[in-house]
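J.: One structure, pasted below without further comment.
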Amino acid sequence: MFESFLGGFAILFNPETMFYTFLLIGAGLFLGMFVGALPGFTTLMAMAILLPISFFLDPMLGIPFLIGVYKGGIYGGSIPAILISMPGTGAAVATTFDGPALTKKGEARKALEMALFSSVSGDLSSDIVTIALIGPIAAVALLLGPPELAAVLFLALIVISATSSGVFVKGLLMLAIGLFLGMIGQDPIGALSRFSFGMTSIESGIPLLPMLIGIFALPEIFNGIEKKASEIVKSSDLKISGKRLTFAEYKSCFRTICRSTVIGTSIGMIPGVGQVVAAFMGYAAAKNASKTPEKFGTGLLEGVAAPEAANNAVNGPTLVPLLTLGVPGDNLTVILVGAFIAQGLRPGPQLMEEQGPLVFAILLSMVLANILFLFIGYVCIPVFARVVTIRKSLLLPLTLVFAFAGSWVFRAQPFDLAVLVFFGAFGYIAKKLQFDVTPLAMGFILGPTLEYSFGQSFILASGDIFGFIFVERPITAAIIVITPVITFLMWRRSMRLRRQFAAPGAD
């Protein structure tokens with residue numbers, strides 16, 4: 001793996017590659033912060049809409065561009081959370097506990113800068129940990145045979161369903177629908193067509209890009225259209241006042257930032273948990289460790305630093321299960337899966353072996369992105385603060401046009417637009433009925449890999465799959481046995497946190 005690391009270093013630090021990588025990461029960060037600063041416009045929607053742009057770029061440029069949107073969007077949600085108590089993303093809900101109180105005290109600038117510095121600190125530290133761990137974990141993943149991989153994927157899908165927002169049964173139903181949709185097209189083992197009902201357009205499967213844009217972006221656009229004009233914020237309501245953050249103030253929160261970074265990094269490696277849970281756990285840990293917990297919620301800089309360091313620390317580690325096992329860490333990395341697949345890079349145990357230098361180059365670009373993250377965020381705080389006042393009526397139609405244009409340019413087929421509309425309507429109805437569509441997307445993407453691994457296991461077992469697993473593959477048997485236990489513990493933990501903080505689903 002060290003050779004792959006050196007190869008990635010050489011790829012990234014080629015002068016021309018570095019220039020364009022910095023340029024596109026910077027563009028992604030700016031767009032992510034811009035969208036994150038808009039109440040009601042989620043990072044998930046931004047990544048889905050901008051996903052087609054990455055297809056026209058080299059993987060070394062297109063994927064870091066989306067990662068920039070990812071990083072910038074998670075931070076950008078803190079801006080309206082602090083200024084007007086309206087979190088731009090679910091990950092910034094915990095920031096509303098102390099951020100608006102600081103604004104009322106006339107310390108909005110300090111709060112915004114603390115959010116930025118703690119976000120960059122958590123993000124940078126977790127990226128370094130990701131690079132350090134990705135090699136050993138990938139090496140272990142390569143030792144997994146088809147039965148072990150099938151068991152791991154099954155565990156991941158069940159855990160994702162259990163930790164998704166809403167009722168567990170609803171998550172399982174969405175997962176089942178996603179698995180069925182993933183089966184449409186060709187059998188991964190026999191290459192026989194199935195469930196296409198004579199429609200030539202889906203004999204090779206449902207197109208991934210229109211499905212992702214439809215199910216993640218269109219419902220958000222439709223919900224935005226429903227919002228009343230009375231919710232528009234006037235520029236006169238915003239006051240970015242107060243002194244700048246001092247180093248002493250940042251230093252006083254350093255232990256909190258470190259604690260939240262550890263929490264966010266750990267949570268990021270667990271599929272299906274995400275930034276929302278990390279932010280609340282970071283805030284709760286800071287409050288429990290404080291000598292004056294009663295002051296939390298009254299306007300403490302520590303109350304901003306804790307959730308912001310935690311939710312951004314999730315960003316890098318979510319790529320660990322994605323790159324090594326092909327399991328997206330959250331709904332945002334589902335979009336990254338689409339980018340990898342469209343570029344001909346199938347995430348999973350073989351990716352690091354086949355494209356190790358490229359993967360390390362992308363991971364190293366994440367570390368360098370934090371330099372731009374800090375610069376763009378610091379310089380543009382006043383700009384992004386004004387973004388809060390932009391009327392949705394000006395942006396929503398343009399966003400809708402981008403959604404249709406992105407689906408069209410992928411293959412230039414009218415059928416893709418029909419898929420976009422269908423899944424947009426499906427996602428909108430599901431959202432109204434309080435169904436989380438993340439398990440559906442996970443099942444759709446991971447279903448073929450799960451089926452292929454299970455099919456290979458069945459062949460290896462010569463039909464006696466039960467005896468083969470529990471006698472000859474003890475690791476597989478152990479994973480299957482602990483699956484319900486882990487699922488229950490994860491579900492109970494996520495439900496307790498949601499009840500405690502009344503948190504929406506991650507975006």
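The values are calculated or read from the model by the stated rules, or taken from the named source; none is laboratory data. Computed from a prediction, not measured in an experiment: that's the story for all the values here. Don't worry about glycine lacking a Cβ; one is built from the backbone with ideal geometry, like all the others, and counts go over all protein chains shown.
J.: Within the stretch 329-336, identify whether any single residue is assigned to a loop (DSSP other than H, G, I, E, B), in contact (Cβ under 8 Å) with a residue 12 or more places away in the chain, charged (D, E, K, R) and farther than 20 Å from Ser453 by Cα, and answer yes or no. It would help to see each step written out before you state the result.
T.: If we filter the stretch 329-336 for residues that are assigned to a loop (DSSP other than H, G, I, E, B), which is where we start, we get 329-330.
Now restrict to residues that are in contact (Cβ under 8 Å) with a residue 12 or more places away in the chain: 329-330.
Keeping just the survivors that are charged (D, E, K, R) gives 330.
Subsequent filtering for residues that are farther than 20 Å from Ser453 by Cα retains 330.
Among the residues of the stretch 329-336, at least one is assigned to a loop (DSSP other than H, G, I, E, B), in contact (Cβ under 8 Å) with a residue 12 or more places away in the chain, charged (D, E, K, R) and farther than 20 Å from Ser453 by Cα, which makes the answer yes.
J.: While we're on this one: State which residue is surrounded by the most Cβ atoms within 10 Å (Cβ to Cβ) when the search covers only the stretch 285-319 and only residues that are under 13 Å from Gly274 (Cα atoms), touching a residue at least 60 places away in the same chain (Cβ under 8 Å) and polar (S, T, N, Q).
T.: Ranking the qualifying residues of the stretch 285-319, first place goes to Asn311.
J.: Tell me whether the stretch 37-49 contains one or more residues that are among the hydroxyl-bearing types (Ser, Thr, Tyr), closer than 22 Å to Val367 by Cβ, at pLDDT below 90 and in a helix (DSSP H, G or I).
T.: yes
J.: Among the numbered conditions (1) in a helix (DSSP H, G or I); (2) under 25 Å from the mean Cα position of the chain (by Cα); (3) farther than 17 Å from Gly338 by Cα; (4) at pLDDT 85 or above, tell me where Phe415 comes up short.
T.: (2)
J.: Next question. Name the one entry in Arg386, Arg346 that is in a helix (DSSP H, G or I) and either touching a strand residue (DSSP E or B) at 6+ places or on another chain (Cβ under 9 Å) or among the basic types (Lys, Arg) (or both).
T.: It is Arg386.
J.: Further question: Would you point out the residue of the stretch 23-60, among those that are surrounded by fewer than 20 Cβ atoms within 10 Å (Cβ to Cβ) and among the aromatic types (Phe, Trp, Tyr), that is nearest to Gly344 (Cα to Cα)?
T.: So the residue we want is Phe55.
J.: Just checking, which of Phe402, Phe435, Phe415 is farther than 15 Å from Pro146 by Cα, surrounded by 20 or more Cβ atoms within 10 Å (Cβ to Cβ) and among the aromatic types (Phe, Trp, Tyr)?
T.: Criteria check complete, one pass: Phe435.
J.: Could I ask something else about it? What residue, among those in the stretch 142-165 that are more than 22 Å from the chain's Cα centre (by Cα) and under 11 Å from Pro349 (Cβ atoms), is surrounded by the most Cβ atoms within 10 Å (Cβ to Cβ)?
T.: Restricting to residues being more than 22 Å from the chain's Cα centre (by Cα) and under 11 Å from Pro349 (Cβ atoms), the top hit is Leu149.
J.: Could I ask something else about it? Hey, any hits in the stretch 367-382 for a residue that's farther than 25 Å from Phe5 by Cβ, within 15 Å of the chain's Cα centre (by Cα) and in a helix (DSSP H, G or I)?
T.: Scanning the stretch 367-382, I find no residue that is farther than 25 Å from Phe5 by Cβ, within 15 Å of the chain's Cα centre (by Cα) and in a helix (DSSP H, G or I), so the answer is no.
J.: Please pick out the residue among Tyr75, Tyr20 that is buried (at least 24 other Cβ atoms within 10 Å of the Cβ), part of a helix (DSSP H, G or I) and not aliphatic (A, V, I, L, M).
T.: Values: Tyr20 fails: buried (at least 24 other Cβ atoms within 10 Å of the Cβ).
After ruling out the rest, the residue left standing is Tyr75.
J.: Right, something else. All but one of (1) surrounded by fewer than 23 Cβ atoms within 10 Å (Cβ to Cβ); (2) at negative phi hold for Ser121, so report the exception by its number.
T.: Every listed condition holds for Ser121 apart from (1).
J.: Exactly one of (1) within 25 Å of the chain's Cα centre (by Cα); (2) touching a residue at least 60 places away in the same chain (Cβ under 8 Å); (3) in a helix (DSSP H, G or I) is unmet by Val169. Its number?
T.: (2)
J.: Looking at (1) under 19 Å from the mean Cα position of the chain (by Cα); (2) modelled with pLDDT under 90; (3) of a type in the set (Phe, Trp, Tyr), find the lone condition where Phe97 falls short.
T.: Of everything listed in (1) under 19 Å from the mean Cα position of the chain (by Cα); (2) modelled with pLDDT under 90; (3) of a type in the set (Phe, Trp, Tyr), Phe97 misses just condition (1).
J.: Any residue in the stretch 216-237 that's over 20 Å from Ala108 (Cβ atoms) and surrounded by fewer than 16 Cβ atoms within 10 Å (Cβ to Cβ): show its pairings with residues that are modelled with pLDDT of 55 or more and not β-branched (Val, Ile, Thr) at Cβ separation under 6 Å, as long as the two are six or more apart or on different chains.
T.: Ile225/Leu396
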